[in-house]
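The values are calculated or read from the model by the stated rules, or taken from the named source; none is laboratory data. No experiment lies behind these values; they were computed from the predicted model shown. Note that we place each Cβ from the backbone using ideal geometry, even for glycine, and neighbour counts take in every protein chain shown. Remember, those area values only see protein heavy atoms, side chains included, never the ligands or the DNA or RNA. Shrake-Rupley method; radii C 1.70, N 1.55, O 1.52, S 1.80 Å.
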Amino acid sequence: MTKEKEVSTQVDLNNLEKKTSPVVWAIMGIMPFALFFVSLFLGRYMINPGDVAKILLNQLPGINFPQTWEAAAETVVIRVRFPRAVMAALVGAGLSMSGAVFQGMFQNPLVSPYVLGVSAGASFGAALGLLLSWPTWLVQIAAFVMGIIAVAITYAMAHLYKTTPILMLVLSGMVVSAFFQAMVSLVKFAADDEDKLPAITFWLMGSIGKVGLEDLAPSAIPMIIAMAVLYSVRWRLNVLSMGEREAESLGVNTERIKRIIIITTTLISSLTVSLCGIIGWVGQVIPHFCRMIVGPNHRALIPATILVGASYIIIIDNICRMVSITEIPIGILTSVVGAPVFAYLLRKTKGGWV
């Protein structure tokens with residue numbers, strides 16, 4: 001196939017951008033903030049929305065509303081629900097954005113942020129820490145570090161002479177994921193049935209409830225920085241999605257862009273798994289759904305996935321903590337919701353970009 005014919009078969013993503021109504025963008029922009037506020041007063045311990053607003057404003061310098069609420073209400077809002085809602089929004093935005101970026105880089109709308117083995121590596125780190133009875137903060141660090149190590153191994157395996165072919169990345173990610181999943185199974189086999197095995201199993205199901213106020217700064221800041229970097233290179237993804245040869249012919253350094261994408265998405269995914277366990281299907285469903293609304297142009301797709309992903313996980317997390325006496329692990333609910341929705345989207349789009 002000549003270069004001209006090859007280029008003619010590629011999808012011009014810029015021309016596929018849909019004319020999304022400003023009303024739709026306004027709804028997507030308002031939803032995360034509205035849901036965030038609702039999650040602060042909604043729960044088994046209901047709090048007056050006006051009191052929630054005053055509690056939040058009282059945290060700002062120079063503002064001092066007279067206290068008309070119970071002391072417990074302020075503790076619940078500031079120390080329990082606020083960090084949880086912030087982390088839910090960041091996890092949803094980060095995983096959705098990472099999924100959209102990976103789908104663009106791999107030129108496949110079906111891949112997820114965990115395709116390079118980050119979730120399997122982080123799971124092994126956390127399972128090993130729980131088996132050895134490490135404190136929570138050390139378990140989180142072990143999960144984070146092992147997630148990064150897993151992706152580093154994937155990249156090293158896939159990297160050939162001065163290049164890292166996309167197919168090699170996918171195959172290497174499958175190998176690394178399989179290895180670390182086997183290691184997780186080995187740890188579970190060695191774990192105590194009465195104590196450590198249930199702890200490992202529950203952790204792998206995922207939960208945002210264990211995130212506290214003290215976890216926000218060390219986790220939120222690097223996640224926001226990584227998302228900002230990805231957001232800044234979103235226009236290059238349009239070219240990269242058309243194929244590496246086409247991107248290089250247009251002056252894009254594909255190897256550098258791939259390294260930036262892998263580093264930033266790994267940071268986001270590792271932090272997510274280390275703090276909240278495995279939360280699946282978000283990075284597959286949300287980008288696919290947003291692509292139906294705004295089209296495959298990453299200039300519009302990336303902002304849409306950030307907004308919709310944040311709203312989605314806030315909603316799911318609120319359901320997890322409210323529908324039963326004991327909290328439902330969020331990984332279960334995202335899979336229960338995500339799998340059939342994704343199947344429907346696949347059927348509707350026939351596995352394509354739009």
| remark: Filter segment 72-129 for residues that are within 16 Å of VAL170 (Cβ to Cβ), under 13 Å from the mean Cα position of the chain (by Cα) and among the small types (Gly, Ala, Ser); the one that is surrounded by the most Cβ atoms within 10 Å (Cβ to Cβ) is SER98
| query | Does ILE225 satisfy being in a helix (DSSP H, G or I) and either open to solvent by 30 Å² or more (accessible area, probe 1.4 Å) or not aromatic (Phe, Trp, Tyr) (or both)? | reply | yes
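A quick yes/no check of all residues on (1) without any contact (Cβ under 8 Å) to a residue 40 or more places away in the chain; (2) over 16 Å from ALA93 (Cβ atoms); (3) open to solvent by 50 Å² or more (accessible area, probe 1.4 Å); (4) part of a helix (DSSP H, G or I):
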site	(1), (2), (3), (4)
LEU307	no, no, no, yes
ASP317	no, no, no, yes
ILE325	yes, yes, yes, no
THR334	no, no, no, yes
VAL341	no, yes, yes, yes
| note | Taking segment 159-172 and keeping residues part of a helix (DSSP H, G or I) and more than 15 Å from ILE263 (Cα to Cα) leaves ILE166, LEU167, MET168, VAL170, LEU171, SER172
| Within segment 250-269, is there a residue that is surrounded by fewer than 24 Cβ atoms within 10 Å (Cβ to Cβ), of a type in the set (S, T, N, Q) and within 25 Å of THR164 (Cα to Cα)? | yes
| task | Would you check if ILE55 is more than 25 Å from ILE225 (Cβ to Cβ) and surrounded by fewer than 19 Cβ atoms within 10 Å (Cβ to Cβ)? | result | no
